[in-house]
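Contents: one structure, followed by commentary.
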Amino acid sequence: EAGVAQSPRYKIIEKRQSVAFWCNPISGHATLYWYQQILGQGPKLLIQFQNNGVVDDSQLPKDRFSAERLKGVDSTLKIQPAKLEDSAVYLCASSLDRAAYNEQFFGPGTRLTVL
Amino acid sequence: AQSVSQHNHHVILSEAASLELGCNYSYGGTVNLFWYVQYPGQHLQLLLKYFSGDPLVKGIKGFEAEFIKSKFSFNLRKPSVQWSDTAEYFCAVNADSSASKIIFGSGTRLSIRP
């Protein structure tokens, strides 16, 4: 089966610019996650969707980050405006549903560098 | 709040050596525990998980982990490592089986000398 797809793979922007990342989960997976992984740290959950609804966005910096999953399939994560500390790998993952025993499958990530 | 500690940031071993990577979590209730692995150039993937039952869990590629509740630990082990085990290993914890939010540790980079 096809895995989680993400694009772009790499992005370099200057601070205060905007950027958007795209994720297409595994077909049939109801739950979608966006994680931020800063160099030297583990992934940190930013937002979790169940179909097209937000389940958890408690760690999303809502003043600059936004995400949507309008049709309950693919999703976009946006940063506007970007700060230097947003440099990280942004990982998208999906699972069959939100029960913890369902394995999360991760995409390749988008490496963002903010100059 | 839940947290996960991986005290070894970088471990270097020779092939055939035995491996144990430490993982401790802070949460007093029932937890679900995971080890994820990221091989060079590949996606993060699940190595093994513990939800209930036998505290000794076996995963892919000969890895196993033991849940010791009294020590709040879930250490990863492999009796004999191979060069192909070179990767970054992340321990993670979930404290709500009905919700899939997991908290990751900071990871341990494992380098195997051929």
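The values are calculated or read from the model by the stated rules, or taken from the named source; none is laboratory data. Worth saying up front: this structure is predicted, and the values here are computed from it rather than measured. Backbone-built Cβ (ideal geometry, glycine too); neighbour counts: all protein chains shown.
As a summary of the residue check, A:Ala20 satisfies the conditions (1) hydrophobic (A, V, I, L, M, F, W, C); (2) surrounded by fewer than 17 Cβ atoms within 10 Å (Cβ to Cβ); (3) part of a loop (DSSP other than H, G, I, E, B); (4) at pLDDT 95 or above except for the one numbered (3).
Do we have B:Tyr50 as touching a residue at least 40 places away in the same chain (Cβ under 8 Å) and within 12 Å of chain A (Cβ to nearest Cβ) here? Considered against the rule, which asks whether it is touching a residue at least 40 places away in the same chain (Cβ under 8 Å) and within 12 Å of chain A (Cβ to nearest Cβ), B:Tyr50 comes out as no. When the stretch B:59-87 is filtered for residues that are modelled with pLDDT under 95, charged (D, E, K, R) and farther than 22 Å from B:Tyr27 by Cα, only B:Lys61 remains. Counted as qualifying within the stretch A:37-106 are the strands (runs of 3 or more DSSP E) with 1 or more residues that are within 13 Å of chain B (Cβ to nearest Cβ) and out of contact with any Gly (no Cβ under 6 Å at 6 or more places or on another chain), namely A:44-50, A:53-56, A:88-95. When B:Gln38 is tested against the conditions (1) more than 12 Å from chain A (Cβ to nearest Cβ); (2) closer than 21 Å to A:Phe105 by Cα; (3) over 11 Å from the mean Cα position of the chain (by Cα), the lone failure is (1). The set of residues from the stretch B:75-114 being of a type in the set (A, V, I, L, M), outside any strand (DSSP E or B) and more than 10 Å from every other protein chain (Cβ to nearest Cβ) comprises just one member, B:Val81. Identification of strands (runs of 3 or more DSSP E) wholly contained in the stretch B:1-64 with 3 or more residues that are exposed (fewer than 14 other Cβ atoms within 10 Å of the Cβ) yields B:10-14.
Inspect the stretch B:74-82 for any residue being out of contact with any Lys or Arg (no Cβ under 6 Å at 6 or more places or on another chain), among the aliphatic types (A, V, I, L, M) and without any contact (Cβ under 8 Å) to a residue 40 or more places away in the chain and give the result as yes or no.
Checking the stretch B:74-82: not a single residue is out of contact with any Lys or Arg (no Cβ under 6 Å at 6 or more places or on another chain), among the aliphatic types (A, V, I, L, M) and without any contact (Cβ under 8 Å) to a residue 40 or more places away in the chain.
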